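The values are calculated or read from the model by the stated rules, or taken from the named source; none is laboratory data. None of the values given here were measured: they were computed from a predicted structure. Note that we place each Cβ from the backbone using ideal geometry, even for glycine, and neighbour counts take in every protein chain shown. Please note that ligands, DNA and RNA were not included when accessible areas were found on the heavy atoms of the full protein model with its side chains. Shrake-Rupley method; radii C 1.70, N 1.55, O 1.52, S 1.80 Å.
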Amino acid sequence: MRKINVTVWNEGFHERESEKVRSVYPEGIHGCIASFLKEDEELGTIRAFTMYDEEQGFKEEDLADTDVLIYWAHCCHGQIEDQYVNRIYNHVTKRGMGLILLHSGHASKIFEKLCGTQTGALRWRESNDKERVWVIEPQHPICHNLPEYFELPAEETYGERFVIPTPDALVFMSWFSGGEVFRSGICYNRGYGKIFYFRPGHETFPTYYDANVQQVIKNACKWAAPTNFPKMQTGWTASLENK
Ligand code: ZN
């Protein structure tokens, strides 16, 4: 069976600017995610880029060989050039490349363009709350090999309302020890592409070392990868039957 090629993209700003973030992720968030994905035998070529790479890490030849793009971004959304946003959009909608948006990727240009949300607005707070992630759809492929719920001892808090269109599937709901709840695992279909947003992963917490979080991201890569779908015709069509 053909293996799934994954590109891990991280804006990379915090690792450059913050000693604290470098101490948590010495190889960068992208390096951490790429390293645990490389352990999965169903996954093929794992690439990792940041916005400081050539063409901001979105070269056509790399995207064309990518089945699933993982996207972590926080404070540089506005710096991503529209030509690359459009390039990602086309790969998702026309070719079926999967897109996994992590944590503050909800405010990225590509999420806005694909999902129609104008702000991706939500409540937030950095107060080291515990996060309890509940599995809502146990039969969903993204929930494979997970417990009924799992906990992250400290994370940034996100709370409803999360200003998004109603998801096609809601697979995780988070509760925080400060009292908030949040739709933390959501799926959309756009064009031929599958999109998954997964909330945990603030840059100052070791969230991407957590075994359950790693399982979610591996599962999501397999769910979001394009299948060998038939070419679908649209427009004027001749009758298939002789009347
Ligand atoms: Zn954050």
- Task: Looking only at the range 191-208, count how many residues are open to solvent by 10 Å² or more (accessible area, probe 1.4 Å) and either more than 10 Å from the ligand (Cβ to nearest atom) or without any contact (Cβ under 8 Å) to a residue 40 or more places away in the chain (or both).
- Result: 4
- Item | Residue under evaluation Ile142, criteria (1) open to solvent by less than 40 Å² (accessible area, probe 1.4 Å); (2) at positive phi, criterion not met | (2)
- Query: Does Tyr158 satisfy the condition of being within 16 Å of the ligand (Cβ to nearest atom), at pLDDT 95 or above and touching a helix residue (DSSP H, G or I) at 6+ places or on another chain (Cβ under 6 Å)?
  - Reply: no
- Query: With respect to Glu17, is the statement that it is more than 25 Å from Ile186 (Cβ to Cβ) and more than 13 Å from the chain's Cα centre (by Cα) true?
  - Reply: yes
- Would you check which residues across the range 101-118 are within 16 Å of the ligand (Cβ to nearest atom), in contact (Cβ under 8 Å) with a residue 40 or more places away in the chain and in contact with a helix residue (DSSP H, G or I) (Cβ under 7 Å, 6 or more places away or on another chain) and list them? Leu101, Gly105, Phe111
- Filter result for the condition that a residue is closer than 28 Å to Gly78 by Cα, open to solvent by less than 50 Å² (accessible area, probe 1.4 Å) and part of a strand (DSSP E or B), over Glu126, Glu156: Glu156
- Task: Would you check if there is a residue in the range 78-100 being touching a residue at least 12 places away in the same chain (Cβ under 8 Å), closer than 29 Å to Ser177 by Cβ, open to solvent by less than 10 Å² (accessible area, probe 1.4 Å) and within 16 Å of the ligand (Cβ to nearest atom)?
- Result: no
- Of the residues Ala225, Ala211, which is among the aliphatic types (A, V, I, L, M), exposed (fewer than 12 other Cβ atoms within 10 Å of the Cβ) and within 18 Å of the chain's Cα centre (by Cα)? Ala211
- Message: If Ile70 meets every condition in (1) within 13 Å of Val6 (Cα to Cα); (2) out of contact with any helix residue (DSSP H, G or I) (no Cβ under 9 Å at 6 or more places or on another chain) apart from one, which number is that one?
- Response: (2)
